[in-house]
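Each remark here refers to the structure printed beneath this line.
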Amino acid sequence: MSDSTSLPSDLSANVADTPPAPAIGKNYAERALGVGVPVLTVVILVALWQLLVIGADIPQYILPSPIAVAKALVSDWGILWPALWVTTQITFISLLLALIGGVGFAVFLVQSRWIELAFYPLAVILQVTPIVAIAPLIIIWVDNTTAALLICAWIVAFFPILSNTTLGLNSADRNLGELFRLYGASRWQTLRYLRLPSALPYFLAGVRISGGLALIGAVVAEFVAGAGGRESGLAYRILESGYRLDIPRMFAALTLISVAGIAIYGLLAGLSHLLLRRWHESALAREE
């Protein structure tokens, strides 16, 4: 006689796959700590900053207090927001161009060992050349200021994507490559179904690095260009605040740059986790 209390096979499988309640609670606790600890650290540092300014009676034109910076952020929002939008646009457009150029050039390099030996050093030379040294030349050669800023930011963001994607494409399993050749797979099929999926974690790591570098490149290029007007970014607002000794506004602009960098990194890290969470060890380890 069959047991009337037994569960159907599909239901029992679902119950078996469901993580226990303590494990779920542990995951939520770890995520809460992962957010709460950094936030608490920042709050403590800001409080110490405020106490230092008040206790040492530091003038606002030397080191403004966090309250003064917050007031400047609110009162000057009409000036800082358009500048933030300009800098963010340059950052994301240059990052998109770096994605296209980096992946395309990496695919080109891995087609032949001789091609990689011939052209990869050129990319290294481009990377090790300080952007501060070549930005004035780019601004002189390119009449359009926005295009010059995009080129400077693209140069900084290009190499991490290229190097990581090239490494990933060359790291595909050789045994699987032999299997693809055994079954007569074409070069395009091997690239699409083997080498590109193998390179995805490396590519995403390069994108996370390039996101912050694109922002740095945009800000440095804006500093060098020193272009004002309605299309000016946060770097020009920092220079302008320094000339006027409006230090709270300067710190407010610096705060927006930092927040933008954190947001870009968080967005790209979340995208990376979303794409890798079901199959790659780097993402699976975080869910244990």
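The values are calculated or read from the model by the stated rules, or taken from the named source; none is laboratory data. In this text, all values refer to a predicted model and were calculated from it rather than measured experimentally. Here the Cβ positions follow ideal geometry from the backbone for every residue, glycine too, while neighbour counts run over all protein chains shown. These accessible areas exclude ligands, DNA and RNA; they are computed on the full protein's heavy atoms, side chains included. Shrake-Rupley method; radii C 1.70, N 1.55, O 1.52, S 1.80 Å.
Couple of notes before you dig in:
- Residue, surrounded by the fewest Cβ atoms within 10 Å (Cβ to Cβ), within region 62-88, restricted to residues that are under 30 Å from Gly217 (Cβ atoms) and not hydrophobic (A, V, I, L, M, F, W, C): Gly78
- Identity of the residue in region 129-146, in a helix (DSSP H, G or I) and out of contact with any helix residue (DSSP H, G or I) (no Cβ under 9 Å at 6 or more places or on another chain), that ends up surrounded by the fewest Cβ atoms within 10 Å (Cβ to Cβ): Ala133
- All conditions in (1) crowded, with 22+ Cβ neighbours inside 10 Å; (2) more than 25 Å from Leu63 (Cβ to Cβ); (3) not small (Gly, Ala, Ser) hold for Leu194, with the sole exception of (1).
- Any hit, region 243-261, residues being at pLDDT 85 or above, more than 18 Å from Ile93 (Cβ to Cβ), among the hydroxyl-bearing types (Ser, Thr, Tyr) and surrounded by fewer than 13 Cβ atoms within 10 Å (Cβ to Cβ): yes
So that you can scan it fast, the table gives a plain yes or no per residue for (1) farther than 22 Å from Asn144 by Cβ; (2) outside any helix (DSSP H, G or I); (3) over 10 Å from the mean Cα position of the chain (by Cα):
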residue	(1), (2), (3)
Leu215	no, no, no
Ser232	no, yes, yes
Ala235	no, no, yes
Arg249	yes, no, yes
Ala263	yes, no, no
Gly266	yes, no, no
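- Filtered by the rule that a residue be in contact with a helix residue (DSSP H, G or I) (Cβ under 6 Å, 6 or more places away or on another chain), under 22 Å from Leu150 (Cβ atoms) and at pLDDT below 90, region 92-125 gives a lone residue, Ala123.
- Taking the criterion of being closer than 12 Å to Phe159 by Cα and of a type in the set (A, V, I, L, M), the residues of region 101-130 that qualify are Val103, Ala106, Leu122, Ala123, Val124, Ile125, Leu126, Val128.
Condition check ((1) free of Cβ contacts under 8 Å to residues at least 12 places away in the same chain; (2) farther than 29 Å from Val110 by Cα) across all residues:
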site	(1), (2)
Thr145	no, yes
Thr165	no, no
Ser171	no, no
Gly177	no, no
Gly184	yes, no
Tyr202	no, no
Arg208	no, no
Val220	no, yes
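- Region 91-108 residues that are over 17 Å from Ile264 (Cβ atoms), paired with ones that are loosely packed, with under 15 Cβ neighbours inside 10 Å (beta carbon under 9 Å, 6 or more apart): Phe105/Phe119; Phe108/Ile115; Phe108/Phe119
- When Gly206 is tested against (1) open to solvent by less than 10 Å² (accessible area, probe 1.4 Å); (2) at pLDDT below 85; (3) part of a helix (DSSP H, G or I), only condition (2) is not met.
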